[in-house]
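*Asks:* Sending over a structure as structure tokens; questions will come in a sec.
The values are calculated or read from the model by the stated rules, or taken from the named source; none is laboratory data. This is a predicted model, so every value here is computed, not measured. Note that we place each Cβ from the backbone using ideal geometry, even for glycine, and neighbour counts take in every protein chain shown. With ligands, DNA and RNA removed, areas are computed over all heavy atoms of the protein, side chains included. Shrake-Rupley method; radii C 1.70, N 1.55, O 1.52, S 1.80 Å.
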Amino acid sequence: MKKAIYIFSVLLVFTACNSNTEEIEADTKEEVNLEALKTSIKEMDDSLKLLMDEAVKSPTYKMNKVAYHEAINRNKDFYHNFPEDSYAEKALSKIAALYLQIGVEEEAVKWRDTLLNNYPNTEDKIGLLELQMNYYDYNQYNKEKIQHYAERLLAIENLSDEKREQYEFRLEHIDKSFEELIELQIAGDLEKVNTEHPQ
């Protein structure tokens, strides 16, 4: 009986030690992967900067979309693997910006929404909400979406009076298309000029 208890105790100690070793290995592996992903993202950022510098120098330069997609995929990998890490917000921002740069608007819209929903106080919140509203105003007219983003913008406390006026004006004329809205604004500006400076 004593022998059985001894063997059982040894097995428990071995299992506990083995479990701790696996946890340490898992933690180390996660740490290495996180840092490795950050490094790989930085490498792509540097590569894209070189490509942009080249594009500025040469008017005939053609964009290397493969490099952009690689940068996008690396940031997606980071976000999917480490959504709780503080860098995940920046990764989402880069994904949306890179899709916008290569003209894949639908994906840019999707990832901006992911960023705004997961990080409602993100640094460039106003700019992102404006891009969303403009997309549904100009690219793919959707009255409900325009209203949604305009209301989110109006809910921001430190919004300038000028911007608040713009969003309220858009909501007042929510049934008008982007082109009709421009015509209405031009007509309003002309009327204002004529009122202030009658001939």
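*Asks:* Does residue 155 fit the bill of being open to solvent by 20 Å² or more (accessible area, probe 1.4 Å) and farther than 19 Å from residue 106 by Cβ? Spell out how you get there, then give the answer.
*Replies:* Numbers: open to solvent by 20 Å² or more (accessible area, probe 1.4 Å): yes; farther than 19 Å from residue 106 by Cβ: yes.
So residue 155 fits the description; yes.
*Asks:* I've got another one for you. I'm trying to understand the selection: among the residues of the stretch 148-183, which are farther than 13 Å from residue 133 by Cβ and polar (S, T, N, Q)?
*Replies:* 158, 160, 177
*Asks:* Mind checking which residues of the stretch 46-64 are of a type in the set (Asp, Glu) and under 18 Å from residue 74 (Cα atoms)?
*Replies:* Residues of the stretch 46-64 of a type in the set (Asp, Glu): 46, 53-54.
Across the stretch 46-64, the qualifying residue is only 46.
*Asks:* In addition: I'd like the full set of residues that are surrounded by 15 or more Cβ atoms within 10 Å (Cβ to Cβ) and closer than 17 Å to residue 95 by Cα, limited to the stretch 115-134.
*Replies:* Matches in the stretch 115-134: 115, 116, 119, 122, 125, 128, 129, 131, 132.
*Asks:* Scan the stretch 135-150 for residues that are open to solvent by less than 70 Å² (accessible area, probe 1.4 Å) and over 22 Å from residue 103 (Cα atoms) and jot them down.
*Replies:* 150
*Asks:* Being of a type in the set (Ser, Thr, Tyr) and closer than 16 Å to residue 102 by Cα is the filter here, so list the residues in the stretch 36-69 that pass it. Write out each step before concluding.
*Replies:* To start, the set of residues in the stretch 36-69 that are of a type in the set (Ser, Thr, Tyr) comprises 39-40, 47, 58, 60-61, 68.
Correct list: 47, 61, 68.
*Asks:* Oh, and also: Quick check on residue 98: is it modelled with pLDDT of 90 or more, in contact with an Asp or Glu (Cβ under 8 Å, 6 or more places away or on another chain) and open to solvent by less than 50 Å² (accessible area, probe 1.4 Å)?
*Replies:* It is false that residue 98 is modelled with pLDDT of 90 or more, in contact with an Asp or Glu (Cβ under 8 Å, 6 or more places away or on another chain) and open to solvent by less than 50 Å² (accessible area, probe 1.4 Å).
*Asks:* Can I ask one more? Being at pLDDT 95 or above, surrounded by 17 or more Cβ atoms within 10 Å (Cβ to Cβ) and among the charged types (D, E, K, R) is true for just one of 42, 90, 76, 110. Which residue is that? Let's see the steps before the verdict.
*Replies:* On the way: 42 fails: surrounded by 17 or more Cβ atoms within 10 Å (Cβ to Cβ); 76 fails: surrounded by 17 or more Cβ atoms within 10 Å (Cβ to Cβ); 110 fails: surrounded by 17 or more Cβ atoms within 10 Å (Cβ to Cβ).
Selected residue: 90, the only one of 42, 90, 76, 110 that is at pLDDT 95 or above, surrounded by 17 or more Cβ atoms within 10 Å (Cβ to Cβ) and among the charged types (D, E, K, R).
*Asks:* Here's a follow-up. Residue under question is residue 67, and the condition is that it be aliphatic (A, V, I, L, M), at pLDDT below 85, open to solvent by less than 90 Å² (accessible area, probe 1.4 Å) and part of a helix (DSSP H, G or I); does it hold?
*Replies:* Numbers: aliphatic (A, V, I, L, M): yes; at pLDDT below 85: no; open to solvent by less than 90 Å² (accessible area, probe 1.4 Å): yes; part of a helix (DSSP H, G or I): yes.
The answer is no for residue 67.
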